[in-house]
Amino acid sequence: MKKSIKVMSLLLALCFVVTLAACGANSDGKNASQTTSAAQGSSDATTAPAANEPVKLTYLMEDWGTIKGSADEKLVLERIKEETGVELIPIAIPSEGYDDKVNLKFAAGEDFDLYREANAGSGKPWKVNERYADGLIKSLSPYIDEYGPLFKDETVMPKDFLASATIDNNIVGMPYGQALGSKYVITVRKDWLNKLGLSEPATIEEYQAFLEKVKETDLNGNGQMDEVPLYTGGWVNGPQWKEIFLVHGGNDWIDENGGYNAAILDPNYKLMLKTLQDWYKKGLIWKEAYTAQPEQAREMSAKNLVASYGFWWSEPEYAAMNFRASVPEVENVVILPKGPGLNKKLQEKRPFGLLLVTSKCKNPEKAVALMNWALTTDGANTLTYGIEGVHWQYGDVEKKSVNLMGVVNNDASKAKYYAQYALFGGLPNIPFVNNIFNYYYSAVVKTVNSFPQEEFLGKDFVYNDANWESKKYINDMETLIKENEQKIIMGQTSADEWDNVIKKWREIGGDIFLKEKGQAYKELSAKAGAK
Amino acid sequence: MTKTNIWNILKKYKMLYLLLLPGILYFVVFSYLPMYGIVISFQDYKPATGLRGMLQNPEWVGLEHFTDFFNSYYFARILNNTLAIFFLKLLFGFPAPIILALLLNELKNRVYKKVAQTITYMPHFLSMVIITSLVVTLLNPTNGVIYEIIKLLGKDPVFFLADNRYIRSILVVMSVWASAGWGSILYLAAFAGINPELYENAQIEGANKIQQIIYITLPSIAFIISILLILNMGSVLNYGFEDILLLYSAPVYEKADIIDTFIYREGLLNSRYSYGAAIGLFKNAIGLVMVLLTNFLAKKLGNEGIW
């Protein structure tokens, strides 16, 4: 008995030691020493890379489910190494949890060199301000002249884009963006409009009539009345409704007394919520908008059930890809039905996001050189489409389009390589893939840009809210608004309650926020006026 | 106890202490050593400053984060929700494995008993993501099973997951379903240790099944019940975050938003790490008080405590 206790205890102690050693594995499934050594090319000041040896840069990469570590992807990485001397080490993070994961990695003090920050939307302070104030990201200004001359080339990098990436005269990242400034749109199924004998809705009343007709007609021909008139994703009262219902279109505004006002104070906000509530009650809006998991939402959307989208511009076309083979006539068109509000598209001229270099990066000049290469035609094409002649070739003499090699109908989802390592997307200079999706995208851009436009108040201003008092109330304020908006839309509360909600919002920090934002707006306006 | 005595005891039972060593090391390395991080609750900590910012040049803010939390507009609500959901889960979830174990223990058919036991503890192995997906599918307001049953009965369908009247019940039922089977294993093992002669004597005395359970079975496992209850009370403010995070939405914040989901939004999504740490410290302090109190009460009531 004693002997067996001895043996067991020794075994257990050994197991524990082995477990402790194995506990060096991080949550990405990589061994910590591997990750550390991978980052050592950039993070270890005492082991500088030898001359001509590529510099390793780790990049927290947003993965839309496409990164597979394939041989084709490795070809692109090799090409990057040849052209820039950078050995890019992508750490793929699923796109849905990307921002949370980045926060966690910063909190844990992990080493990584590059990551991206998405635009929080005009009027909302960028997280990048805070990160810069906290010393988490580097200024790229010292390296631009020597390693990033294309940053200053306005034909490649629009001036207002670069301005959005500048804090206190320091360029803090590489902005990237899309030609589409207003990404939340209203679309309708043109083929279903034709079946119902209706024309494209020009007013909100006609649009509602279309939705009601959809509800009572079996348009997809499956014998069931399961059509979803309107799909909004999880954001039922998105910008696309604010643009047509609200007096200021979802924009902040300065009143006649010079006071700063947030969009939620719009006089028509209650009307908008009441209308959405009405639609929800009538079953015109997908019931599970607020509770479905993203996979369930995508699954529903892919089933030829949805007549209209009030959502991100690409959603209808991604959904249509799933049933286009059996429903070739499917066609989604963007509309802007006239409502009681501004009826203009609020154009988000700020970049879609920034590619940033963290303060832990030991070779920021190489990071800037990489970005500079990504701004060249060759670099942009390589990162987006792969190796010319292997993965793609030009589709026309003027080099305005590309064909993906070995892929039927240029279906990018079937391509051997497509944008896996693109540092950004949609710069105006790169050619489009010749496929239905991009034809749709071109049509969306053309249509949206043809609508009356409005710019966001303080569109170029970068608000630094690091020391605002209202910062500690923001979570409570956002919770209050989100909760009550959703309760009103779902009919759990009367729309008349909105006035009390706003009153409460002001009390718990809204007034302080408006005062601080207004003050910052005045100062930035004065600075901009002085330039 | 003198030094010599302690050393002698260590020498005498060295193998047993060696057996204990991995467990102690685990708690020292993963629970006690990281405690230094608690200091950021009293600082305005910036991750960029690393350990230097935490220990060498910290920006002390005292109790500011705690007062911010207590003054938060939603403090009372989230505390109320946290306690309510905890006590509901305790009320229904604590006895459930005991009742299940008692029922399984009474089964005569061994094969059936094994099969039933296996089926009941299989949900334990499912991740919470899968369980919540199952719940969302079942309660789908357009074509879920429950929706169809309600429609068949001629009633108006209810959107359970977005209704404050039902969300807590859903969380509790889900939690009980997922954990009752696994929890019953411990009790079943304890039942195996009860002397069968006690039951025989009780039968002779004319006790029925219920009386045997009340006077023999339950007292035999009273010690385990009190230990587990004390341990559970330590989790009073930490009881269940994953399931709520995956299932809740803004319409049910009123009844389902708890301290952990608040920390998630504020501490992680809004990058207020010090604030999140302060709330975490508050939670753990309450948990400690509850464990001490429950242990004290357990001993007062004649049961054995943990210490």
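May I ask you to give the solvent-accessible area per residue for segment A:184-347, in square angstrom, as obtained with a 1.4 angstrom probe? Working shown, then result.
Values: 6390 Å² over 164 residues.
Roughly 39 Å² per residue, with all protein chains present.
Label points 7 Å out from Cα along the Cβ direction at A:Ala528 and B:Ala207: separation in nm?
For the pair A:Ala528/B:Ala207, the computed spacing is 8.3 nm.
Which order do A:His391, B:His124, A:His248 take by accessible area at a 1.4 Å probe, largest first? Don't jump to the answer; show the numbers that get you there.
On the way: A:His391 5, B:His124 80, A:His248 50 Å².
In descending accessible area the options line up as B:His124, A:His248, A:His391.
Let me check I have the definition right: for segment A:465-510, take the eigenvalues of the Cα gyration tensor, multiply each by 5, take square roots. What are those semi-axes in whole Å, largest first?
Details: eigenvalues 114, 23, 5 Å².
Each semi-axis is √(5λ); the values are 24, 11, 5 Å.
HN-Hα J couplings of segment B:291-301 from phi, Karplus 6.51/-1.76/1.60, θ = phi - 60°, integer Hz, Gly and Pro as x?
Per residue, the Karplus-derived 3J(HN,Hα) values read 5, 4, 5, 5, 4, 4, 5, 4, 5, 4, 7 Hz.
Could you work out the helix-only [θ] at 222 nm for chain A, with each DSSP H run of four or more residues adding -39,500 (n - 2.57) and the total divided by the number of residues, to the nearest 500 deg cm²/dmol?
On the way: 19 runs with 209 residues, N = 531.
Counting only the DSSP helices, I get -12000 deg cm²/dmol.
What are the ³J(HN,Hα) couplings of segment B:74-87, residue after residue, when phi is run through the Karplus curve with 6.51, -1.76, 1.60 and θ = phi - 60°? Round to Hz, x for glycine and proline.
After applying 6.51 cos²θ - 1.76 cosθ + 1.60, I find 9, 4, 4, 5, 5, 5, 4, 5, 4, 5, 4, 5, 4, 5 Hz.
Run the 1.4 Å probe and let me know the accessible area of A:Glu365, rounded to the nearest 10 Å².
For A:Glu365, the solvent-accessible surface is approximately 50 Å².
Once you compute Rg and the Kirkwood Rh from C-alpha atoms, what is the Rg to Rh ratio for segment A:184-347?
On the way: Rg = 16.4 Å, Rh = 16.4 Å.
Checking Rg against Rh, the ratio lands at 1.00.
Answer rounded, prolate or oblate for segment A:313-452, using the Cα gyration tensor with square roots of eigenvalues a ≥ b ≥ c: rounded when a/c is under 1.5, else prolate when a/b is larger than b/c, else oblate. Before the final figure, lay out each step's value.
Values: a/c = 2.19, a/b = 1.24, b/c = 1.76.
Because a/c hits 1.5 or more and a/b fails to exceed b/c, segment A:313-452 counts as oblate.
So for A:Ser326, B:Ser226, what's the accessible-area order with a 1.4 Å probe, most first? Before the final figure, lay out each step's value.
Values: A:Ser326 95, B:Ser226 10 Å².
Ranking A:Ser326, B:Ser226 by accessible area, largest first, yields A:Ser326, B:Ser226.
Applying 1/(1 + (r/R0)^6) with R0 = 30 Å to the Cβ-Cβ distance of A:Lys503 and B:Glu242, what FRET efficiency is obtained, to the nearest 0.05?
Numbers: r = 36 Å, r/R0 = 1.18.
The pair A:Lys503/B:Glu242 has a calculated efficiency of 0.25.
Once the principal axes of the Cα atoms of chain B are found, what is the range along each, listed largest first in whole angstroms?
78, 75, 33
Rounded to the nearest 10 Å², what accessible area does B:Ile130 show when all protein chains are kept and the probe is 1.4 Å?
Around 80 Å² of this residue is reachable by solvent.
Could you state how much accessible area is buried at the A-B interface, both sides summed, with a 1.4 Å probe, in Å² to the nearest 100? Write down the numbers at each step before the final one.
Details: alone 25610 and 19140 Å², together 40960 Å².
About 3800 Å² of accessible surface is lost on pairing.
First check a/c for chain A, with a ≥ b ≥ c the square roots of the eigenvalues of its C-alpha gyration tensor; if it is under 1.5, answer rounded, and if not, answer prolate when a/b is larger than b/c or oblate otherwise. The partial results should precede the final answer.
Details: a/c = 1.43, a/b = 1.34, b/c = 1.06.
Rounded is the answer for chain A, as its axis ratio a/c remains below 1.5.
Amide H neighbours of A:Gln453 under 5 Å, at least 5 residues apart or on other chains, H built in the peptide plane: list them.
Amide H neighbours of A:Gln453: A:Lys345.
Per residue of chain B, what 222 nm ellipticity follows from adding -39500 (n - 2.57) for every DSSP H run with n ≥ 4, rounded to the nearest 500?
-19000 deg cm²/dmol
Which stretch or stretches of segment A:495-515 have amide N atoms under 19 Å from the point lying 7 Å from A:Asn257's Cα along the Cα→Cβ direction?
A:499-500, A:502-515
At 0.36 nm per residue, minus the direct Cα-Cα distance, what do B:Arg52 and B:Phe191 gain on full extension? Give it in nm, one decimal, please.
Details: separation 139, 0.36 × 139 = 50.04 nm, distance 5.47 nm.
Fully extending the segment from B:Arg52 to B:Phe191 adds 44.6 nm.
I'd like the Karplus ³J(HN,Hα) series for segment B:184-192: coefficients 6.51, -1.76, 1.60, θ = phi - 60°, whole numbers in Hz, and an x wherever there's a Gly or Pro.
The phi angles translate into 6, 4, 4, 5, 4, 5, 5, 5, 5 Hz.
Taking a probe of 1.4 angstrom, what is the accessible area of A:Lys282 in Å², to the nearest 10?
It works out to around 90 Å².
Name the long-range amide H neighbours of A:Ile186: under 5 Å, sequence gap of 5 or more, or other chain; modelled H, no Pro or chain starts.
Excluding prolines and chain starts, which carry no amide H, the hits are A:Ile335.
Compute the helix-to-body angle for A:2-22: its Cα long axis versus the longest principal axis of chain A, expressed 0 to 90° and rounded to tens.
The helix A:2-22 is inclined about 70 degrees to chain A.
List the residues whose amide H sits under 5 Å from the amide H of A:Ala92, counting only those 5 or more places along or on another chain, with H placed 1.01 Å from N in the peptide plane.
A:Met61
Using alpha-carbon pairs under 8 Å, 6+ residues apart, how would you state the relative contact order of chain A in percent?
Values: 827 pairs, mean separation 109.1, N = 531.
Answer for chain A is 21 percent.
Mind pulling the angle between the C-alpha long axis of helix A:436-450 and the longest principal axis of chain A? Nearest 10 degrees, somewhere in 0 to 90.
60 degrees
Per the 1.4 Å probe, what fraction of the accessible area of the protein assembly as shown, in percent, lies on carbon and sulfur atoms?
The computed percentage sits at 59.
Quote the relative contact order of segment B:152-300 in percent (integer), defining contacts as alpha-carbon pairs under 8 Å separated by 6+ residues.
Reported as a whole number, the value is 30 percent.
Does segment B:51-94 classify as rounded, prolate or oblate by the C-alpha gyration tensor (a ≥ b ≥ c root eigenvalues; a/c under 1.5 gives rounded; else a/b over b/c gives prolate, otherwise oblate)? Don't skip to the answer; put the middle values down first.
Values: a/c = 6.30, a/b = 2.19, b/c = 2.87.
Oblate, since a/c reaches 1.5 and b/c is not below a/b.
The values are calculated or read from the model by the stated rules, or taken from the named source; none is laboratory data. Given the structure is predicted, the values throughout are model-derived calculations rather than measurements. In this analysis, Cβ positions are derived from the backbone assuming ideal geometry, glycine residues included, and neighbour counts consider all displayed protein chains. Note: areas computed on protein heavy atoms with side chains; ligands, DNA, RNA excluded. Shrake-Rupley method; radii C 1.70, N 1.55, O 1.52, S 1.80 Å.
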